[in-house]
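Scroll down for the structure; my scribbles are underneath it.
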Amino acid sequence: MNNAALNTARLLGAGLRALLVLTLVTGVVYPLLVTGIAQGLFRAGANGSEVRADGRVVGSALIGQLYNLPLKKGQETPRPDLRWFQGRPQNGLGGNTVNTHYRLILSGATNRAADDKELIAWVKAARAAVVRDNSVPGHTVEASQVPADAVTSSGSGLDPDISPRYADLQVWRVAARNHLSVARVRHLVDEHTEGRTLGFMGEPRVDVLELNIALKELATSG
């Protein structure tokens, strides 16, 4: 075998060895190492920030859910189940068959300008619905009381949180629907209100899923 053939064979061998080593390091060792660290130090986040209730996973602390009544025959748009606190409007993109509680597959906003006629119509309709649904005997909600997060989707379209102001606006309706006192429901909201991250980042917020789990426990216990 001449030198050219030997050199070629030597180069091919070196390339093959490098391929095998890199495949082992980047395809096996590194993923196992990262997975081990994640499971050891950040288990909750690595597993999807699961939220459990009644011994089973009911959602993720990072993804919002819908609280709607079942569709009736001939009905295309479901009505919200007013026993529960409601999250932000969901104007995300696409659909999925995995998380049927939240009909999104792509994270994104509507990408509509503030003067878009259809967006303005959505906001007005959402505001009217919030006023109507949350006005109960003895307590009337005014349009000026409706916060922005009650009528607009988040930038991701997946936001699980609402503002304390929107949660407070729903207190009277939730109390009436669940035969609870306003004071007890408002205390529940206060208990589930988180402050700014590290004391200065973001805004105070309320996770709707966790709040509704606590509401269910309160309503069941009477």
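The values are calculated or read from the model by the stated rules, or taken from the named source; none is laboratory data. All figures in this text were calculated on a predicted structure; none of them were measured in a lab. Methodologically, a virtual Cβ is constructed for each residue, glycine included, from the backbone with ideal geometry; neighbour enumeration extends over all protein chains shown.
Among the residues of the stretch 165-222, just one is aliphatic (A, V, I, L, M) and on the phi > 0 side of the Ramachandran plot, namely 198. Looking only at residues in the stretch 167-188 that are surrounded by 20 or more Cβ atoms within 10 Å (Cβ to Cβ) and touching a residue at least 40 places away in the same chain (Cβ under 8 Å), the one that is nearest to residue 83 (Cα to Cα) is 174. One residue is enough: does the stretch 34-53 have a residue meeting the conditions out of contact with any His (no Cβ under 9 Å at 6 or more places or on another chain), surrounded by 11 or more Cβ atoms within 10 Å (Cβ to Cβ), at pLDDT 85 or above and acidic (Asp, Glu)? No, because not a single residue in the stretch 34-53 is out of contact with any His (no Cβ under 9 Å at 6 or more places or on another chain), surrounded by 11 or more Cβ atoms within 10 Å (Cβ to Cβ), at pLDDT 85 or above and acidic (Asp, Glu). Taking residue 130 as the residue in question, decide whether it is in contact with a Phe, Trp or Tyr (Cβ under 7 Å, 6 or more places away or on another chain) and in the same structural domain as residue 77 (by TED's automatic domain parsing). When the stated conditions are applied, residue 130 does not pass them.
Of all the listed residues (141, 130, 123, 98), the sole one being modelled with pLDDT of 90 or more and in a loop (DSSP other than H, G, I, E, B) is 141. The residue list 82, 62, 93, 71 contains one member that is surrounded by 11 or more Cβ atoms within 10 Å (Cβ to Cβ), assigned by TED's automatic domain parsing to the domain that holds residue 122, modelled with pLDDT of 90 or more and closer than 30 Å to residue 125 by Cα, which is 82.
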